[in-house]
Amino acid sequence: MSAKTLILSFNALLIVLYPLYSIAESDVPIKATTTAPVAVVEKFVQAFNDHSVERLLSYTTDSVHWFNLSGTKMLTETSSKNELGAAMADYFATLADAKATLTQVVSSANYVSTVERVTWSDEGELNSQCSIGVYELQQEKINAVWYYPAHVCEPSVDNGASVQAELLQDTRQ
């Protein structure tokens, strides 16, 4: 085999194999592995919006922990599925029309980080606040959630919230 034939054969092999290498290195496999944790968090938030404590708890482990972070302190709000269920039942009894929206989602391995906007009405006035949440998943169930202090939501151009922001009263709870 001549050198020219060998080089042409090698180039042909590269042309055939390079697309396979590109597919292997693409985002497709990464998305496939990160979709499951994000889907669990999205279903959890949908159950929150439906005020379905039973369904909400179906997405958690028995030892789910809910933490609130503030400055250098971390407060354990709940440390079991039963405690989380009781806390959510109280929350929904107090804020009967509370709804959450995931405005940003980032996933890495078994962690999902979110910016969540919660809206509710109080004495006829629409209120809103945002918080950063970090969910840890274990075997496709939420095992822990860390919430950072609530803050004024940033207006979002894509959903018209910049106009709505003037109408909403941002509060901390």
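The values are calculated or read from the model by the stated rules, or taken from the named source; none is laboratory data. Treat the numbers as computed from the prediction; the structure is a model and nothing was measured. Heads up, the Cβs are rebuilt from the backbone with ideal geometry, glycines too, and the neighbour counts pull from every protein chain shown. What goes into the accessible areas is simple: the full protein's heavy atoms, side chains included, and nothing from ligands, DNA or RNA. Shrake-Rupley method; radii C 1.70, N 1.55, O 1.52, S 1.80 Å.
When you scan region 135-147, do you find a residue that is assigned to a strand (DSSP E or B) and more than 16 Å from His65 (Cα to Cα), even just one? No - not one qualifying residue is present in region 135-147. Note on region 108-139: residues that are more than 17 Å from Leu84 (Cβ to Cβ) and open to solvent by 20 Å² or more (accessible area, probe 1.4 Å) amount to 17. So which of Ser107, Ser113 is under 21 Å from Glu136 (Cβ atoms), assigned to a strand (DSSP E or B) and out of contact with any helix residue (DSSP H, G or I) (no Cβ under 9 Å at 6 or more places or on another chain)? When all the criteria are applied, what remains is Ser113. Listed by first and then second residue, the pairs with beta-carbon distance under 8 Å, at least 6 apart or on different chains, first residue in region 106-120 and under 20 Å from Ala47 (Cβ atoms), second open to solvent by 40 Å² or more (accessible area, probe 1.4 Å) and in a loop (DSSP other than H, G, I, E, B), are Trp120/Asp97.
Considering region 87-104, the residues that are hydrophobic (A, V, I, L, M, F, W, C) and touching a helix residue (DSSP H, G or I) at 6+ places or on another chain (Cβ under 9 Å) include one that is surrounded by the fewest Cβ atoms within 10 Å (Cβ to Cβ), namely Ala89. Pairing each residue of region 37-63 that is without any contact (Cβ under 8 Å) to a residue 60 or more places away in the chain and within 20 Å of Ser79 (Cβ to Cβ) with any residue that is assigned to a loop (DSSP other than H, G, I, E, B) and among the charged types (D, E, K, R), provided the two are 6+ apart or on different chains, yields C-beta distances under 9 Å for Leu56/Asp50. Restricting region 31-85 to residues that are among the acidic types (Asp, Glu) and farther than 20 Å from Leu95 by Cα leaves a set whose member that is most open to solvent (accessible area, probe 1.4 Å) is Asp62.
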